[in-house]
Amino acid sequence: MQPNENFRGMTNSALARSIGDQLFGYNFTRGYTLKGREKGFDGVLNVGRVQSAVLGLINSRTLANLNHEESFYYDIHGCFDFNASKVSAKYQPCDADIIDEKNRIIDENCAKNIVQSCRDQQSTVASISTKPESKAAPLPYNLSTLQQTCAKKYGYSATETLDIMQSLYEAHKLLTYPRADCRYLSDEHYANRDLIMQAIAGTQDAFNDSINNADMALNHKAFDADKITAHHAIIPTEKSGKGITLTAKEHNVYQLVATSFIALFYPESVRNKTRATLTVSANDTTYEYLATQSDIMARGWEVLFSEESTSDKTNEGMDLTQLSKGDALQSREPRIEKKKTKPAKYFVESTLLAAMTRAAKFVEDPELRKALEAKDKDNSAESGSIGTEATRAGILEKIALNTSLVSICDEKGYKEKVWKTTKHGQEFCAILPKEIIAPDTSARWAQQQELIRNGQLTVEQFVDELDHYIDAQINDIQTHGINVTSNMESCPICKDGFLRKRQSEKGHFFSCNRYPDCKTTYPEKDGMPDFTKKPKRPPIVSNHKCPKCEKGLIRRKRTKKFKGKISYFWTCSGYPECETTLFDKAGKPNFASVQ
């Protein structure tokens, strides 16, 4: 036990972030939304420290994809004779070649010259090595990694996955706490491994063989209490689900988590990785080719993930381990493969979640990047993250609901739905300051929160600085406005305003957004203003003055006829502040009847 005062810095840091996010979101969302309405944009222009950074990521990837200029690059594949066998190898471009930033040959003549030089030349094995590569089972899931897996494998949204897990946790009590950001377990979990395995077998009979083949004496690196944060990794509980009927989606999620736990008690997978460097000397130049081979020696834990396990890459010709350094080979006709450059891939939900856990890589300023990475120094599952395990699904859901800014749709070549910014979303991102549509603000706050935790900055100082920043930005958009395309109909009466959808007790209608200067309204039909109906125009203010406040009087028609005839009366245009009414006399106000 320690005095609470020792943790006052952590409390103040959390308080500052909470106040800051509220000030940031309330003021900017309100400011940009109202200025957008002046331009005829009917919709909420949400701004949030994390939400806007994610929108910025989606937008930058969208623009990179849309603005991609197609070009070509050239891979050269060599074929070499060795005794009665053939070796396939790929040419390794060098600085003397015409290459791009990804070290790819981009000039066809350059590629042809290399092929011409290497044709029918002798080659030598410059180096060859074979190294075993062992790989342990992956760490158990935290919320983000499980959401990413469910998105890729089943197409579940982040919110959907969390809801399923919440049901397995609360209703069925078959999974541990779902909003975990940690991927490590305690010694107690290791001690109770047999009970957990029995519960898994009771829940799903299909796991019996996998559990029987597990080596319960193995101690995976995941069992490390020192690396547990506020919560441990997500695993099955010790409760058997026998007799519990799970939905198909609950079954899928439980199966993923259970398989992940069982895999901790399987040996490492082992592959022998062979790399052979072949050189061709011609025209006083040495050309280098690389041949690789991967041989599975033991599948280990991968037998549990056979559907998802990456296939081994082997050389298309002979077994490379038969080669030795200095061996001579004969180069035949190298082959040029012309390829198109591909545009940047759109974000999908799984890659967006992954980007949020590694957001620091999108920060250009190296000092800010380090500050954001330092925030997660005690969390091996994340590095420079934005949002939390508990909030990321909600943030993505909120962005998805704003269809004016973001489109989520099927796209050829993608297993998941892609996330793109719309025209309005791209305009909005162009309006926002760079530090808002990038993780820079979160990085700067990470610096300041560290100072608050250490007692070098107060909450008041943090909020005061933020107030000045918000004030400057709001004043700027107040003065200069924003540039966004209208999505509302222009008001046909005043010509300056836009018709905005509103709701009354009788239903929806459209009215000019310049109210009360323009009081034009139209009934709603199929979600649009019904222009076939005459608009309700604002009443005409006469030159006759109110005897009480001297504002103009308005002549109005009575709703009921008097003795079968239409009648009129006069009211003050200052209503409801002035409730003066007068009778009508020959089309003029009867001032003797003032009420």
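Extension gain, Tyr575 to Lys423: 0.36 nm times the residue separation minus the Cα-Cα distance gives 50.4 nm. Diffusion of the stretch 486-532 by Stokes-Einstein, at 20 °C in a medium of 1.002 mPa s and with Rh set to the Kirkwood radius over alpha-carbon pairs, works out to 203 µm²/s. Each Cα pair under 8 Å and six or more residues apart adds its separation to the average, and for the chain the resulting relative contact order is 19 percent.
Summed over the residues of the stretch 439-595 and divided among them, the accessible surface reaches 68 Å² per residue at a probe radius of 1.4 Å. Since only Leu353, Ala191, Thr285 are under comparison, the one whose Cα sits farthest along the positive direction of the charge dipole of the chain, derived from C-beta charges on Lys, Arg, Asp and Glu, is Leu353. Each pair of Cα atoms in the stretch 117-156 enters the Kirkwood radius, and Stokes-Einstein at 20 °C and 1.002 mPa s then converts it into a translational diffusion coefficient of 140 µm²/s.
So if I place +1 on the C-beta of Lys and Arg and -1 on the C-beta of Asp and Glu, and nothing else carries charge, what would the dipole magnitude of the chain be about its Cα centre? I want it in debye, nearest 20. Could the numbers behind the result be given before it?
On the way: 81 positive and 77 negative charges, 966 e Å.
Using only the charged Cβ atoms, the result is roughly 4640 debye.
Taking 0.692 mPa s as the viscosity and 37 °C as the temperature, the Stokes-Einstein diffusion coefficient of the chain based on its alpha-carbon Kirkwood radius rounds to 107 µm²/s.
Given Lys412/Lys434; Lys561/Lys585; Lys173/Lys249, which pairs have Cα atoms separated by over 22 Å?
Numbers: Lys412/Lys434 31 Å; Lys561/Lys585 16 Å; Lys173/Lys249 16 Å.
From the list (Lys412/Lys434; Lys561/Lys585; Lys173/Lys249), the Cα-Cα distance tops 22 Å for Lys412/Lys434.
The mean sequence distance of close C-alpha pairs (under 8 Å, at least 6 residues apart), as a share of the length of the stretch 86-202, puts its relative contact order at 16 percent.
Taking a point 7 Å out from the Cα of Gln595 in the direction of its Cβ, the residues of the stretch 564-587 whose backbone N falls within less than 15 Å of it are 567-572, 579-585. Please name which of Gly564, Val50, Ile106 has its Cα lying farthest along the dipole of the chain towards the positive end, using unit charges on Cβ (Lys, Arg +1; Asp, Glu -1) and the Cα centre as origin. Positive-most Cα among the choices belongs to Gly564.
Expressed as a fraction of 2.2 N^0.38 Å, the value expected for a compact globular protein of N residues, the C-alpha radius of gyration of the stretch 219-281 is 1.89. Among the listed pairs Lys102/Lys417; Lys90/Lys273; Lys102/Lys340; Lys152/Lys221; Lys153/Lys415; Lys506/Lys557, those whose Cα-Cα separation exceeds 18 Å are Lys102/Lys417; Lys152/Lys221; Lys506/Lys557. With one equal scatterer per alpha carbon and no solvent term, the Debye-computed log10 I(q)/I(0) for the stretch 374-479 at 0.20 1/Å reads -1.25. What base-10 log of the normalised intensity I(q)/I(0) is obtained for the stretch 279-426 from the Debye formula, alpha carbons as equal point scatterers, at q = 0.12, 0.13, 0.19, 0.21 Å⁻¹? After summing over all Cα pairs, the log10 values are -0.91, -0.98, -1.20, -1.31. Overall size of the stretch 446-562 from C-alpha positions, given as principal axis extents largest first: 80, 45, 30 Å.
I need the peptides 588-594, 322-328 ranked by packing, meaning the mean over residues of other C-beta atoms within 10 angstrom, with the highest value on top. Could the numbers behind the result be given before it?
Values: 588-594: 14.4, 322-328: 12.9.
Top to bottom by mean Cβ count within 10 Å: 588-594, 322-328.
The values are calculated or read from the model by the stated rules, or taken from the named source; none is laboratory data. On a predicted model such as this, the values are computed, not experimentally measured, just so you know. Cβ: placed from backbone, ideal geometry, glycine included. Neighbour counts: every protein chain shown. What goes into the accessible areas is simple: the full protein's heavy atoms, side chains included, and nothing from ligands, DNA or RNA. Shrake-Rupley method; radii C 1.70, N 1.55, O 1.52, S 1.80 Å.
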